Amino acid sequence: MNDALATALRRAADHQERFEARFAAHFDALADPEGGGAQLPPGGRFPARALGLVRELSLRGGKRLRVALLHEAAGLVADRPVPGLDAAAISVELLHTHGLVHDDLIDDAPLRRGGPSTYYAYRAEFPDRPDTALALAVLAGDLAAFLAVRALLTGDLPPERALAMAAVATDAAAAAVNGQLLDLERDFLPDPGTAFLHTVTEYKSTRYSILAPLRLGLLAAGTDPAPHDADLRAYATALGTANQIHDDWLDLFGDPATLGKPLGTDLRSGRHSYLVHALLAATADDPSARADLRAALGSPDPAALTALRALAHHVDRALSVEAARHARRAAALAADWQHWRPEAVAFFTQLPAWSVTRDH
């Protein structure tokens, strides 16, 4: 690891460390009946339980990449602390929680971040009422989404700036929902192709995980992101694609203890990921291998995952190379941001290299 990358990672870790306590305090305030909070209804335990599960999943872990992106985006134009960044960070992390709750429900995933998914937590509480567990998981995810917008509108931002930032957050949320819809549609296609996969990545994750934090950070610092939107979009797209390809690789070759979930989650769900697309291309001239791939994809049998890992040795290196190519593009784009503060530019230049070498 070079010194510049080590510096960028230290900065990201510092942002994460400061954020964790503030995120926990935010949930404390939401649950406090004296403090206004989320205005939980008097009586009844389901609303408080939903908030508790949202809190639990939100605080359980994660890279907090969005938090670092927010602070460093503000640092592109500001050399001092910027009011409103905490509210924006809480907002994007709650939006992420919303996505995780619904994603785990759609995928029927039992684990997330080393603990039970929200859906499975409800299933354990209501083993004889699966419809109730399903409904409660949906509502808990919805609660996280609405609290994400609330965090911006009730923070310490000037009203006009708060509205502009809330618009960014709601646009990102709508994009993520559309991305999830495309994600489901993708699996109905025999082979969706690279262009369709890029579109799914753009809408399902890139717009809320990378582009929205960049825009929010600039807005919080009092800078209109619109004149820079082409640069921000190009960087976000390259970094988001690199991230997703590497995530697909980790789904088969990562360490389950580090990832906090079993390997092959997407593959057992039949997801036509970048990895599967590469496997389809690699087995195009081998009908037997192609048949093995089709049989293993979507199978809950542990032997199917072993078979996929055996097939995937054909594309292991190629997938890593492709992720690195997009990461290099993101780094080159950030290096051209000479009109912004050098320290923050250095962070964005170094971040892509980490995105394709991380282990979780």
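The values are calculated or read from the model by the stated rules, or taken from the named source; none is laboratory data. None of these values were measured; they are calculated from a predicted model. Don't worry about glycine lacking a Cβ; one is built from the backbone with ideal geometry, like all the others, and counts go over all protein chains shown. Note: accessible area is taken over every heavy atom of the protein model, side chains too, but ligands, DNA and RNA are not part of it. Shrake-Rupley method; radii C 1.70, N 1.55, O 1.52, S 1.80 Å.
How about the stretch 298-334: which of its residues are small (Gly, Ala, Ser), within 23 Å of His198 (Cβ to Cβ) and free of Cβ contacts under 8 Å to residues at least 24 places away in the same chain?
Kept after step one, since they are small (Gly, Ala, Ser), are these residues of the stretch 298-334: 298-299, 303-304, 307, 310, 312, 318, 320, 323-324, 327, 330-332, 334.
Right, trim to within 23 Å of His198 (Cβ to Cβ) and you get 298, 312, 318, 320, 323-324, 327, 330-332, 334.
Listed by number, the residues that qualify are Ala331, Ala332.
Where in the stretch 1-115 are there helices (runs of 4 or more DSSP H), lying wholly inside it, with at least 3 residues that are modelled with pLDDT under 90, open to solvent by 30 Å² or more (accessible area, probe 1.4 Å) and touching a strand residue (DSSP E or B) at 6+ places or on another chain (Cβ under 7 Å)? Show your work before the answer.
Numbers: elements: 3-31, 46-59, 65-75, 85-107.
Here the list is empty.
Examine the stretch 162-177 for a residue that is within 19 Å of Arg49 (Cβ to Cβ), open to solvent by 50 Å² or more (accessible area, probe 1.4 Å) and among the aliphatic types (A, V, I, L, M), and state whether such a residue exists.
no
For Trp249, work out the one condition from (1) within 11 Å of Leu319 (Cβ to Cβ); (2) open to solvent by less than 40 Å² (accessible area, probe 1.4 Å) it doesn't fulfil.
(2)
Select from the stretch 299-314 the residues that are in a loop (DSSP other than H, G, I, E, B) and over 17 Å from Thr283 (Cβ atoms) and write down the one among them that is least open to solvent (accessible area, probe 1.4 Å). Before the answer, list the steps.
Initial filter on the stretch 299-314 (in a loop (DSSP other than H, G, I, E, B)): 299-301, 313-314.
Pick out the ones that are also over 17 Å from Thr283 (Cβ atoms) and you get 300-301.
Working: Pro300: 110, Asp301: 77 Å².
Only one residue tops the list, namely Asp301.
Of the conditions (1) within 30 Å of Trp340 (Cβ to Cβ); (2) of a type in the set (Lys, Arg); (3) modelled with pLDDT of 95 or more, Arg129 fails just one. Which one is it?
Only one criterion is unmet by Arg129, namely (1).
Mind telling me which of the residues Thr258, Thr241 ends up being surrounded by 21 or more Cβ atoms within 10 Å (Cβ to Cβ), in contact with an Asp or Glu (Cβ under 9 Å, 6 or more places away or on another chain) and assigned to a helix (DSSP H, G or I)? Can you show your working first?
Values: Thr258 fails: surrounded by 21 or more Cβ atoms within 10 Å (Cβ to Cβ).
Result of the check over Thr258, Thr241: Thr241.
Would you check if there is a residue in the stretch 337-355 being within 28 Å of Ala109 (Cα to Cα), among the hydrophobic types (A, V, I, L, M, F, W, C) and surrounded by fewer than 21 Cβ atoms within 10 Å (Cβ to Cβ)? Spell out the reasoning first.
Restricting attention to the stretch 337-355, the residues satisfying the condition of being within 28 Å of Ala109 (Cα to Cα) are 354-355.
Subsequent filtering for residues that are among the hydrophobic types (A, V, I, L, M, F, W, C) retains 354.
In the following step, the residues that additionally are surrounded by fewer than 21 Cβ atoms within 10 Å (Cβ to Cβ) were identified as 354.
Yes, there is a match, as at least one residue in the stretch 337-355 is within 28 Å of Ala109 (Cα to Cα), among the hydrophobic types (A, V, I, L, M, F, W, C) and surrounded by fewer than 21 Cβ atoms within 10 Å (Cβ to Cβ).
Of Asp187, Asp191, Asp183, which residue is in contact (Cβ under 8 Å) with a residue 40 or more places away in the chain, among the charged types (D, E, K, R) and open to solvent by less than 20 Å² (accessible area, probe 1.4 Å)? Step through it out loud before you land on a result.
Details: Asp187 fails: open to solvent by less than 20 Å² (accessible area, probe 1.4 Å); Asp191 fails: open to solvent by less than 20 Å² (accessible area, probe 1.4 Å).
Asp183 is the lone residue from the list that is in contact (Cβ under 8 Å) with a residue 40 or more places away in the chain, among the charged types (D, E, K, R) and open to solvent by less than 20 Å² (accessible area, probe 1.4 Å).
Does the stretch 208-220 include one or more residues that are crowded, with 17+ Cβ neighbours inside 10 Å, β-branched (Val, Ile, Thr) and on the phi < 0 side of the Ramachandran plot? Spell out the reasoning first.
Narrowing the stretch 208-220 to residues crowded, with 17+ Cβ neighbours inside 10 Å: 208-220.
Next, from what is left, pick out any that are β-branched (Val, Ile, Thr): 210.
Imposing the further condition that a residue be on the phi < 0 side of the Ramachandran plot reduces the set to 210.
Taking every residue of the stretch 208-220 in turn, at least one turns out to be crowded, with 17+ Cβ neighbours inside 10 Å, β-branched (Val, Ile, Thr) and on the phi < 0 side of the Ramachandran plot.
So, of the residues in the stretch 144-161 that are touching a helix residue (DSSP H, G or I) at 6+ places or on another chain (Cβ under 7 Å), open to solvent by 20 Å² or more (accessible area, probe 1.4 Å) and modelled with pLDDT of 90 or more, which turns out to be farthest from Leu94 (Cα to Cα)?
It comes out as Arg161.
Which of the numbered conditions does Ser320 fail, given that it passes all the others? Conditions: (1) modelled with pLDDT of 80 or more; (2) surrounded by fewer than 13 Cβ atoms within 10 Å (Cβ to Cβ); (3) small (Gly, Ala, Ser).
If we test Ser320 against (1) modelled with pLDDT of 80 or more; (2) surrounded by fewer than 13 Cβ atoms within 10 Å (Cβ to Cβ); (3) small (Gly, Ala, Ser), just (2) comes out false.
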